[in-house]
Amino acid sequence: MIGHKNHRLLKQGDGYGQVESFVFRGRQFYVKRDDKLDPWLSGNKYWKLYSLMQLPAQCYTRLISYGGTQSNAMLALAALCAKKSWEFHYTSKTVARHLKQHLTGNLKDALNFGMKLHEVAPQDYESNVQKLRNLQNPKHLLIAQGGADPIAQAGVNQLADEIKQWQQQNKLRQLNIVLPSGTGTTAYYLAKALPDLTIYTTAVVGDKAYLLCQIDQLGSRVKNLNILVPDKKYHFAKPYSELMVMYKELLHAGIEFDLIYGALMWQTLLQHADKLSGTVLYVHSGGLKGNITMFDRYKNKGFR
Ligand SMILES: *Cc1c(COP(=O)(O)O)cnc(C)c1O
């Protein structure tokens, strides 16, 4: 069932995502290359699932989650479960038949890792997700959609430690941290762990109000978390020619980012760049494996 071979997976102990200098549009930035931590558990998913990664395999027999079928969190959980020999059960809305016949991207990789996909009709999705919450077996663990889960905090604290270390090594008194948000879990726990730094993010799933609701479910608000708003409304994971232009320009400048979160974060960051004085450290949130399906979407829309 599990189709993966010798992928370099969950390498532990070398978790230092190196910080690189990155000059973009004439301005000096720094990028923490967490996309390089692990090809399958990349970027913030590495940190959000860090505490699970440290657990002995015997703790659980099964992980359960739910959400979109091209989700980066889904792929990371599938990789983690393959590594731990845990079953991975994932509930999603029905996958279109043409997609099932031409499996690509994160869904294809997650299924190769042995993920068991439970498709339910869209109208039954919410009730099915509710049912997942009634776990009976203590060896089963439910992870909220996108890994928006308190288990993420311990790992994000590790990320915060690495950032503090870099700040000290470079004797920076002031530092701005930038990273995109889906559920806001990474940005929120990072802001909590780094009260002396300013964290800038943008809402990629939904708008600012939606992101604040998500964050409110994690804990009380923090003052050092700033949500930058893009100059127009962007729908999640939809192709926009300017985001493809941004992706290509970033790539040309030396770093590949993901087309959903990274491209929009940079787009928004540059619109607000004059507000950020001092050193800017962008924390790469990974997700490059998902670019394959985004390229297809752009192609189908006639964008290149
Ligand atoms: C999951 C993901 C995010 C969002 O992380 P949250 O902690 O849910 O805000 C951002 N960027 C990429 C590339 C991701 O895969």
Legend entry - Partner aspartates and glutamates for residue 192 [C-alpha distance under 16 Å; skip if fewer than 8 residues away on the same chain]: 149, 161, 162, 216
Legend entry - Farthest toward positive dipole pole in the chain [+1 Lys/Arg, -1 Asp/Glu at C-beta], among 291, 209, 260: 291
Legend entry - Distance-filtered residues of the stretch 253-285 - backbone nitrogen under 20 Å, label point 7 angstrom along residue 224 Cα→Cβ: 275-285
Inset, instruction - Would you mind ranking 297, 25 so that the residue whose beta carbon has the fewest other beta carbons within 10 Å leads the list? - result: 25, 297
Legend entry - Whole-number percent relative contact order across the stretch 20-118, with pairs defined as alpha carbons under 8 Å at least 6 apart: 24 percent
Inset, instruction - Using only alpha carbon pairs under 8 Å that are at least six residues apart, calculate the relative contact order of the chain and give it in whole percent. - result: 21 percent
Inset, instruction - May I ask you to derive the relative contact order of the stretch 168-304, considering only C-alpha pairs under 8 Å and at least 6 residues apart, and to give it as an integer percent? - result: 29 percent
Inset, instruction - Show that you can apply the helix-only estimate: for the chain, add -39,500 (n - 2.57) for every DSSP H stretch of four or more residues, divide by all residues, and state [θ] at 222 nm to the nearest 500. - result: -11000 deg cm²/dmol
Inset, instruction - Can you put 91, 201, 268, 61 in order of Cβ neighbours within 10 angstrom, beginning with the fewest? - result: 61, 91, 268, 201
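Read-outs: derived from the displayed coordinates by stated rules, not from any lab. Small disclaimer: the values here were computed from a predicted structure and weren't measured. Cβ coordinates were reconstructed from backbone atoms using ideal geometry, including for glycine residues, and neighbour counts include every protein chain displayed.
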